[in-house]
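The values are calculated or read from the model by the stated rules, or taken from the named source; none is laboratory data. The structure presented is a predicted model; accordingly, all values stated were derived computationally and were not measured. Positions of Cβ are generated from backbone atoms using ideal geometry, with glycine treated the same way; all protein chains shown enter the neighbour counts.
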Amino acid sequence: MNALNRPLGVGIVGCGYWGVNYIRVFNELSGARTVAACDLRVERLQEIQQRFPNVLVTAELDELLSLDSVDAVAVCTEATNHYSAVMACLKAGRHVLVEKPLTTRLEDAEELTALADENGLILMVGHTFIYNPAVRKMKEYVAATPDQVYYLHARRTNLGPIRRDVNALWDLATHDIAIFNYLLESTPEWVSAVGAKVLHNCREDIGFISIGYPRNILGNIHVSWADPNKARELAVILSDKRIVFNDLNGLEQVRVFEKGVRAVSAEPVGFGEYRLQIRDGDIISPKIDVSEPLKNQCAHFRDCILNGERPLTSGREGMDVLRVLLAMDQSVANHGAKVEVIKNGNYAQDTAVGAVR
């Protein structure tokens, strides 16, 4: 299926807000096209048919997978349906791009990843911010500096939109966990998180999450569906600079503050006290290439299929994020207690609160 003499045929499963974007992007992408779309809502399929008349619409996943023209599938359903939909696609021999999170259970994610590997299929998770040029620029700065990363801080707040399948922590913090892992090229060791149901919903709509990475690096994330101030910010604090990503600032998505403080190698001034060196420099707004992150992600998916390459956000990276989310669930259930992020094995599912089972 890798050596195609025609554009890569993609089927879309789940035609909500993101699903429609996937239909559009794959139709615009060179070397690919959307051939079919699946959704349970008849009225939604009618809208898709009117907007994309060349796309076959169906309410049955089996019908979509029976089409020889479908080489790969983008799964954009609710998170609790990811496992069954991805499993059906992999068993039908289709490559899969699934929206985040990969699944809501670790054993399900492991099973899907193993099945894709066994059958030589691409399984990729839609951590879209990894394909954002601004986040890539942050990675360049972090990778290029020999100085120490102190901590990372992210804030994602707005008035909703409120999800039915997961809480605000799973919905929003997933993005920042994936970005943290990408920037640091490592995975967390522990999580401490608290959440609250301030809207009297059945799921947490605000959350505060602390994450411990190797080398004593801390990550902090604040998420909310109940804050009227919309924010999409992420900052990396290093010993010699502060790098800030603001997704809502179209002109200066990344700003680099060349300011910092570090302990210097000198004789201590007193017991437990060291001399500090403060750096004060310029504020830089680096040039960011203009491109659509979702289109970059879909192009990477296409290229991985055609070239047989491992995706940047494969099932393995998806499981790395999922392990943090599950540890976060346990911490929330235990009022912020520190929970180790396990590398193998499964968390107790009866304590999970983030995803509706």
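A few points about this structure:
- Selection within region 47-83 - farther than 30 Å from Val321 by Cα and part of a strand (DSSP E or B): Leu56, Val57, Thr58
- The listed residues are Val96, Val86, and the only one of them that is in a strand (DSSP E or B), more than 14 Å from the chain's Cα centre (by Cα) and not small (Gly, Ala, Ser) turns out to be Val96.
- Taking the numbered list (1) farther than 29 Å from Lys343 by Cα; (2) in a strand (DSSP E or B); (3) free of Cβ contacts under 8 Å to residues at least 60 places away in the same chain in turn, Leu251 passes all entries but (2).
- Scanning region 143-161 for residues that are closer than 19 Å to Gly212 by Cα, within 19 Å of the chain's Cα centre (by Cα) and not charged (D, E, K, R) yields Leu152, His153, Ala154.
- If you go through region 1-43 and keep only what is among the charged types (D, E, K, R) and more than 16 Å from Asn307 (Cα to Cα), you end up with Arg24, Glu28, Arg33, Asp39, Arg41, Glu43.
Table: residues versus (1) under 21 Å from Lys338 (Cα atoms); (2) modelled with pLDDT under 95; (3) out of contact with any Leu (no Cβ under 6 Å at 6 or more places or on another chain).
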{"site": "Pro161", "(1), (2), (3)": "no, yes, yes"}
{"site": "Ala178", "(1), (2), (3)": "yes, no, yes"}
{"site": "Tyr182", "(1), (2), (3)": "no, no, yes"}
{"site": "Val191", "(1), (2), (3)": "yes, no, yes"}
{"site": "Asp205", "(1), (2), (3)": "yes, no, no"}
{"site": "Ile209", "(1), (2), (3)": "yes, no, yes"}
{"site": "Leu218", "(1), (2), (3)": "yes, no, yes"}
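- When each of Leu56, Leu102, Leu90 is tested for being touching an Asp or Glu at 6+ places or on another chain (Cβ under 9 Å), closer than 30 Å to Val341 by Cα and among the aliphatic types (A, V, I, L, M), the lone residue that passes is Leu102.
- Residue that is small (Gly, Ala, Ser) and touching a His at 6+ places or on another chain (Cβ under 8 Å), where the choices are Ala178, Ala196: Ala178
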